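Here's the structure, in structure tokens; my notes come after.
The values are calculated or read from the model by the stated rules, or taken from the named source; none is laboratory data. Predicted, not measured: the structure shown is a model, and the values here were computed from it. Counting neighbours? That spans all protein chains shown, and the Cβs are built from the backbone with ideal geometry, glycine included.
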Amino acid sequence: MTIKNQLETIFPNLKTDIWEITSEPDLRYNCIAWAVGWTNRPWWPNDFGFWPQGIPLEETIDAFVAALGTVGFLPCGDSSVEEGFDKVALFAKESVLKHAARQLSDGRWSSKLGQQHDITHSTPEAVAGDIYGSVIMFLKRVTPNNPT
């Protein structure tokens, strides 16, 4: 079974999406780090990754929203592309945050699948399902180094 077939088995919505693998597996970062633009250290509320000081060490939606707020992300209404802004989709299952994907400038999405591959997919829902749950909110920030 190819890697692509394996990923489509784990994430069945990929079967109907236009998507591609964009990196080899990398243990240095995870989906939250990828969503905020880090590739040197994972973000997670535990002893193994980075977590902003003062934010509860919890896998709750509120804790992740607060953590991402420390680098400029605030809740927003939708996934539409907005020039000058970075957007992130948060995924949760039973009120526990499981994943984040970031929007690319062309409107597609990029996900770091745990410590495995990065992929580009057409919609955030392409990786929703049993593993990550569903999209529960979108956040946005002014793109760093953008005067907007």
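Of note, residue 144 does not satisfy the criterion of being surrounded by fewer than 16 Cβ atoms within 10 Å (Cβ to Cβ) and in contact with a helix residue (DSSP H, G or I) (Cβ under 9 Å, 6 or more places away or on another chain). Against the list (1) of a type outside the set (Lys, Arg); (2) touching a residue at least 40 places away in the same chain (Cβ under 8 Å); (3) in a helix (DSSP H, G or I); (4) under 23 Å from residue 130 (Cα atoms), the condition residue 78 fails is (3). Pairing residues of the range 33-54 that are free of Cβ contacts under 8 Å to residues at least 12 places away in the same chain with residues that are assigned to a loop (DSSP other than H, G, I, E, B), at Cβ distances under 8 Å and at least 6 apart in sequence or on separate chains, gives 46/57; 48/42. Residue pairs whose Cβ atoms lie under 9 Å apart, separated by 6 or more positions or on different chains, with the first residue in the range 59-73 and over 13 Å from residue 32 (Cβ atoms) and the second surrounded by 16 or more Cβ atoms within 10 Å (Cβ to Cβ) and small (Gly, Ala, Ser), are 60/92. If the condition is being assigned to a loop (DSSP other than H, G, I, E, B) and surrounded by 15 or more Cβ atoms within 10 Å (Cβ to Cβ), then the range 59-71 contributes 59, 71.
Residue 3 - would you say it is modelled with pLDDT under 95, more than 16 Å from residue 100 (Cα to Cα) and either of a type in the set (Asp, Glu) or in contact with a strand residue (DSSP E or B) (Cβ under 9 Å, 6 or more places away or on another chain) (or both)?
Numbers: modelled with pLDDT under 95: yes; more than 16 Å from residue 100 (Cα to Cα): yes; either of a type in the set (Asp, Glu) or in contact with a strand residue (DSSP E or B) (Cβ under 9 Å, 6 or more places away or on another chain) (or both): yes.
In short, yes.
In summary, residue 56 fulfils each of the numbered conditions (1) buried (at least 19 other Cβ atoms within 10 Å of the Cβ); (2) outside any strand (DSSP E or B) with the single exception of condition (1).
Yes/no matrix, rows are residues, columns are (1) under 15 Å from the mean Cα position of the chain (by Cα); (2) at pLDDT 95 or above:
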| site | (1), (2) |
| --- | --- |
| 9 | no, yes |
| 17 | no, yes |
| 22 | yes, yes |
| 27 | no, no |
| 54 | no, yes |
| 62 | no, yes |
| 69 | yes, yes |
| 102 | yes, yes |
| 110 | yes, yes |
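Criterion applied to 41, 102 was being surrounded by 18 or more Cβ atoms within 10 Å (Cβ to Cβ) and either closer than 28 Å to residue 7 by Cα or among the polar types (S, T, N, Q) (or both), and the one residue passing it is 102.
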